[in-house]
Amino acid sequence: MHQSRPKNLNLFTIHFPLPAIISILHRLSGAFLFLLIPFMLWGLESSFYLEGFDRIYAWATTGWVRFITWLIFMPFCFHLVAGIRHLLMDAQVGTTLKSGRLSAQLTLAISIILVILAGFWLW
């Protein structure tokens, strides 16, 4: 069957609902955290030795490294909360349209609260 309807394939002009944006950001944060694994393993391996631990501790207590660590906490906190949301949806909790929008808003709010708390914890 031939359809003559125009198709809009420009993703920047399509209005995505909040649950779709949360889902896309969950995937992006997971990819970002996956790319951080080698750096975290390097830091862990370096901390096994006393001189390596002292070097990493001195480096990690500077202000700009704490800020970078806080920036890394952002996708971690979001990915954690959005992952719990996706697990609940897999268990058929919150699968209606109204509850999906509410859970997306809660995911965003809880993630922001966790990021603020992580900032207080780091400083």
Of the listed residues (LEU87, LEU97, LEU102, LEU108), the one being open to solvent by 60 Å² or more (accessible area, probe 1.4 Å), out of contact with any helix residue (DSSP H, G or I) (no Cβ under 6 Å at 6 or more places or on another chain), more than 18 Å from LEU18 (Cβ to Cβ) and of a type outside the set (Gly, Ala, Ser) is LEU87
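Listed here are the residues, each with its yes/no results for (1) of a type in the set (A, V, I, L, M); (2) under 29 Å from ILE113 (Cα atoms); (3) in contact with a Pro (Cβ under 9 Å, 6 or more places away or on another chain).
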site: GLN3; (1), (2), (3): no, no, no
site: LEU41; (1), (2), (3): yes, yes, no
site: LEU50; (1), (2), (3): yes, no, no
site: PRO75; (1), (2), (3): no, yes, no
Next on the checklist: With the structure loaded, tell me whether ARG66 is assigned to a helix (DSSP H, G or I), of a type in the set (Lys, Arg) and without any contact (Cβ under 8 Å) to a residue 60 or more places away in the chain or whether it fails that test.
Outcome noted: yes
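Okay, residues lined up against (1) more than 18 Å from TRP121 (Cα to Cα); (2) surrounded by fewer than 10 Cβ atoms within 10 Å (Cβ to Cβ); (3) at pLDDT 95 or above; (4) not aliphatic (A, V, I, L, M):
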residue: MET40; (1), (2), (3), (4): yes, no, no, no
residue: SER47; (1), (2), (3), (4): yes, no, no, yes
residue: ALA60; (1), (2), (3), (4): no, no, no, no
residue: TRP64; (1), (2), (3), (4): no, yes, no, yes
residue: ILE72; (1), (2), (3), (4): no, no, no, no
*Would you check if there is a residue in region 92-100 being in contact with a Pro (Cβ under 8 Å, 6 or more places away or on another chain) and in a helix (DSSP H, G or I)?*
yes
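Each row is one residue, and each column tells you yes or no for (1) modelled with pLDDT of 95 or more; (2) open to solvent by less than 80 Å² (accessible area, probe 1.4 Å).
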site: MET1; (1), (2): no, no
site: HIS15; (1), (2): no, no
site: PHE32; (1), (2): yes, no
site: LEU35; (1), (2): yes, no
site: ILE68; (1), (2): no, yes
site: VAL81; (1), (2): yes, yes
site: GLN92; (1), (2): no, no
(1) assigned to a helix (DSSP H, G or I); (2) over 16 Å from the mean Cα position of the chain (by Cα); (3) under 30 Å from ARG101 (Cα atoms) all hold for SER23 apart from (2)
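The values are calculated or read from the model by the stated rules, or taken from the named source; none is laboratory data. This one's a predicted model, so the numbers in the text were calculated from it and none came from an experiment. For neighbour counting, all protein chains shown are included, and Cβ atoms are generated from backbone atoms with ideal geometry for every residue, glycine included. To get the accessible areas, we keep the full protein, side chains included, count just its heavy atoms, and leave off ligands, DNA and RNA. Shrake-Rupley method; radii C 1.70, N 1.55, O 1.52, S 1.80 Å.
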